[in-house]
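Have a look at the structure below before the remarks.
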Amino acid sequence: MDVSFDLENKSKINIKEIKVSIVSAEGASFTPMNSEPYQYIDKLDGLKKKRITIPLSVSENAPEGTNSLNLKLDYKVANGKTQSDTATLFIQNVQNSGIGSSKPKLIISNFSTDNEELRAGNTFNFNFDIKNTHSSVDARNIKVTVSQADNVFSVTKGSNTFYITEIPAGETVQNTLELRVKADATTKAYPLEITMEYEYEGAEPNPQTGEIGETAKETINLQAVENSRPVVDNVVVGSWDAPVVNQPTALTFEFFNMGKSTLNNVHATVEGDYSLSTGNMYFIGNVEAGSQEYAELEVIPTMEGQAKGTLVVTFEDSNGDEVTIKKEFEGMIQGEFVPQNGGDMGGDIPVVDTAKHPILPVWAFVLLQIAILVIITPVTRKVKLGLYRRKLRKQEEAE
C-alpha cells in the first residue's frame with residue numbers, strides 16, 4: 001500500500017537535505033517496499049509544505065483496525081547543523097488475512113473456459129478456483145452463487161447456487177459449471193458475478209443483521225461473440241432478358257442481416273459455370289442490423305443449357321472475423337444465334353459476287369455464233385419476202 005502525508009515547515013527558517021525514514025522494529029506492522037531506507041527532499045522553505053508518498057508492505061502480524069506508523073526526520077538548518085525530529089501517523093481500517101487475523105478470506109484465484117470463443121446460443125464449461133487465503137483459519141458452510149445481471153450466461157442444469165462444506169486454510173477448491181450464452185447476445189464483455197457466503201470458527205453475529213459469517217464477491221468479465229445471422233435469398237439469373245451463353249446478363253439477389261450487429265465490408269463473387277463481367281468481386285458495403293440490401297451483378301454464362309453456379313458472399317462480423325456463406329443457383333442458358341447463310345446480318349460489309357466459269361471454250365463459242373448467223377439470215381430473208389408478197393396480194397384483191 002501507499003501512505004501519503006504532508007510535511008510542513010511551520011517555522012520561518014529554511015531547511016535542507018531532509019531525510020524521512022520509518023522507525024521499524026522487530027514485528028513491526030509496516031516495512032518499506034523500496035530498497036532506499038528513506039525519502040529524500042532537497043529543501044523546504046519556511047511556512048511551506050510538501051506531499052510525500054511512501055510505499056509500504058503490511059506484515060502478516062499486523063492487527064486489523066488502527067495501526068501506528070513512526071517516522072524520523074533528519075535535516076539541516078541554515079548554519080549547516082543537523083537536527084532530528086519524530087512523528088507518528090495513524091493508519092485506520094487495516095485488514096489482514098495473515099496469521100495475526102482470525103478471519104479467513106475467499107477469492108477466485110483462477111478461471112478458464114473450455115471454448116476460446118463463447119458464441120451466442122452455444123454452451124461451454126466455466127472452470128474456476130476458490131482459494132482460502134488465510135494461513136490458519138478454515139472457511140466452512142460455503143454458499144456459492146454464480147449470476148449475470150442480463151442473463152447472458154445462464155446455468156444449463158440445476159441451480160446457479162451450490163454448496164461447499166469446507167475450504168481449509170491455504171487450500172483451493174476447483175469448480176465447473178456448464179453455462180449457455182444467450183442466443184441474442186451481442187459481441188462484448190459481460191460481467192459474471194460470483195458471490196461466496198461462508199462461516200468460520202469464532203465468527204460473531206453481525207450487529208445490524210444478526211447473521212453469522214462473511215460475504216465475498218468477485219466479478220469476472222467474459223467475452224461473448226454474437227452469432228451473426230446473414231441470409232442470401234431470391235437469386236435470379238437473367239432478371240430482365242433470356243440469358244445467352246458468353247453474353248453478359250444480370251444476376252440479382254437479396255442479402256438480409258438478421259443479427260444484432262452491423263456486418264462490415266460485404267462483397268460477393270460467383271463460381272461454377274458463371275464469371276463476373278467486371279473485376280473479381282461486387283462490393284456491397286456495410287449492412288446494418290435488421291436491414292437488407294438488393295444487389296445486381298453482371299455475369300457471363302460460360303455454357304448453354306442448365307448452367308449451375310455458386311454465389312459467394314463474404315463479410316466481417318462484429319468480432320472482426322471474416323465469414324463466408326455460399327448459395328447455389330441454376331439458370332437455363334440459350335445458345336448463341338447463328339444466321340442461316342453463315343454471313344453477317346449487319347449489312348456494313350458489301351457482298352462480292354463470285355466470278356462465273358465459261359460453259360464453252362472461246363473458239364467453240366465463236367463457231368457457234370457464225371453458224372447461227374448463217375442459218376438465221378436466209379430464214380429471216382425468206383420470212384420477210386413471204387410477208388411482203390402476202391401484203392401485195394391483199395392490195396390487188398381490194399382493187
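Any idea which of Thr186, Thr262 is surrounded by 14 or more Cβ atoms within 10 Å (Cβ to Cβ), within 17 Å of the chain's Cα centre (by Cα) and under 30 Å from Ile107 (Cα atoms)? Break it down into steps so the answer makes sense when it comes.
Working: Thr262 fails: under 30 Å from Ile107 (Cα atoms).
Among Thr186, Thr262, only Thr186 is surrounded by 14 or more Cβ atoms within 10 Å (Cβ to Cβ), within 17 Å of the chain's Cα centre (by Cα) and under 30 Å from Ile107 (Cα atoms).
Looking at region 149-179, which of its residues are crowded, with 18+ Cβ neighbours inside 10 Å and in a strand (DSSP E or B)? First the steps, then the outcome.
Taking region 149-179 and keeping what is crowded, with 18+ Cβ neighbours inside 10 Å, we get 152-153, 167, 173, 177, 179.
If the condition is that a residue be crowded, with 18+ Cβ neighbours inside 10 Å and in a strand (DSSP E or B), then Phe153, Ile167, Val173, Leu177, Leu179 are the ones that fit.
Every residue in region 121-148 that is on the phi > 0 side of the Ramachandran plot and not in a strand (DSSP E or B), please. Full working, then the answer.
Within region 121-148, the subset on the phi > 0 side of the Ramachandran plot is 121, 141.
Gly121, the sole residue that qualifies.
What's the number of the condition Ser228 fails, among (1) of a type outside the set (D, E, K, R); (2) touching a Gly at 6+ places or on another chain (Cβ under 6 Å); (3) farther than 30 Å from Gly331 by Cα?
Condition (3) is where Ser228 drops out.
Considering only residues that are closer than 18 Å to Val144 by Cα and surrounded by 13 or more Cβ atoms within 10 Å (Cβ to Cβ), which ones fall in region 104-118?
In the first step, residues of region 104-118 are kept if they are closer than 18 Å to Val144 by Cα; the result is 104-112.
Residues satisfying the conditions are Pro104, Lys105, Leu106, Ile107, Ile108, Ser109, Phe111.
Is it the case that region 245-252 has a residue that's β-branched (Val, Ile, Thr), at pLDDT 90 or above and closer than 24 Å to Lys188 by Cβ? Before the answer, list the steps.
Residues of region 245-252 β-branched (Val, Ile, Thr): 245, 249, 252.
Now restrict to residues that are at pLDDT 90 or above: 245, 249, 252.
Then drop every residue that is not closer than 24 Å to Lys188 by Cβ, which leaves none.
Looking for residues that are β-branched (Val, Ile, Thr), at pLDDT 90 or above and closer than 24 Å to Lys188 by Cβ, one finds none in region 245-252, hence no.
Take the residues in region 287-312 that are under 21 Å from the mean Cα position of the chain (by Cα) and at pLDDT below 95, then tell me which one is nearest to Thr249 (Cα to Cα).
Start the filter on region 287-312 by keeping residues that are under 21 Å from the mean Cα position of the chain (by Cα), which leaves 287-293, 312.
When the remaining residues are screened for being at pLDDT below 95, the result is 287-293.
Values: Val287: 25, Glu288: 29, Ala289: 31, Gly290: 30, Ser291: 27, Gln292: 23, Glu293: 20 Å.
Selected residue: Glu293.
Find the residue count for region 201-231, including only residues that are farther than 18 Å from Asp138 by Cα, acidic (Asp, Glu) and part of a loop (DSSP other than H, G, I, E, B).
Within region 201-231, residues that are farther than 18 Å from Asp138 by Cα, acidic (Asp, Glu) and part of a loop (DSSP other than H, G, I, E, B) number 2.
Could you look through region 163-200, keep only residues that are of a type in the set (Val, Ile, Thr) and out of contact with any Lys or Arg (no Cβ under 6 Å at 6 or more places or on another chain), and pick out the one that is nearest to Ser147 (Cα to Cα)?
So the first thing to find is which residues in region 163-200 are of a type in the set (Val, Ile, Thr), and the list is 164-165, 167, 172-173, 176, 181, 186-187, 194-195.
Now restrict to residues that are out of contact with any Lys or Arg (no Cβ under 6 Å at 6 or more places or on another chain): 164-165, 167, 173, 176, 181, 187, 194.
Details: Ile164: 17, Thr165: 21, Ile167: 22, Val173: 19, Thr176: 14, Val181: 13, Thr187: 19, Ile194: 7 Å.
By that ranking, first place goes to Ile194.
Give the residue, chosen from Lys19, Lys12, that is at pLDDT 70 or above, in the same structural domain as Ser57 (by TED's automatic domain parsing) and either in a strand (DSSP E or B) or under 18 Å from Thr88 (Cα atoms) (or both).
On the way: Lys12 fails: either in a strand (DSSP E or B) or under 18 Å from Thr88 (Cα atoms) (or both).
Just a single option satisfies the conditions, and that option is Lys19.
Name the residue that is nearest to Glu211 (Cα to Cα), counting only residues in region 107-155 that are of a type in the set (A, V, I, L, M) and within 31 Å of the chain's Cα centre (by Cα).
It comes out as Val146.
Any residue in region 31-49 that is modelled with pLDDT of 80 or more, hydrophobic (A, V, I, L, M, F, W, C) and touching a Phe, Trp or Tyr at 6+ places or on another chain (Cβ under 9 Å)?
So far as region 31-49 goes, yes, one or more of its residues are modelled with pLDDT of 80 or more, hydrophobic (A, V, I, L, M, F, W, C) and touching a Phe, Trp or Tyr at 6+ places or on another chain (Cβ under 9 Å).
For region 282-335, how many residues are assigned to a loop (DSSP other than H, G, I, E, B), of a type in the set (Asp, Glu) and under 25 Å from Thr187 (Cβ atoms)?
Applying the first criterion (assigned to a loop (DSSP other than H, G, I, E, B)) to region 282-335 yields 288-291, 302-304, 317-321, 335.
Add one more test, that the residue is of a type in the set (Asp, Glu), and what stays is 288, 304, 317, 321.
Now restrict to residues that are under 25 Å from Thr187 (Cβ atoms): 288, 317, 321.
Qualifying residue count, region 282-335: 3.
The values are calculated or read from the model by the stated rules, or taken from the named source; none is laboratory data. In this text, all values refer to a predicted model and were calculated from it rather than measured experimentally. Every residue, glycine as well, gets a Cβ built from its backbone with ideal geometry; the counts of neighbours run over all protein chains shown.
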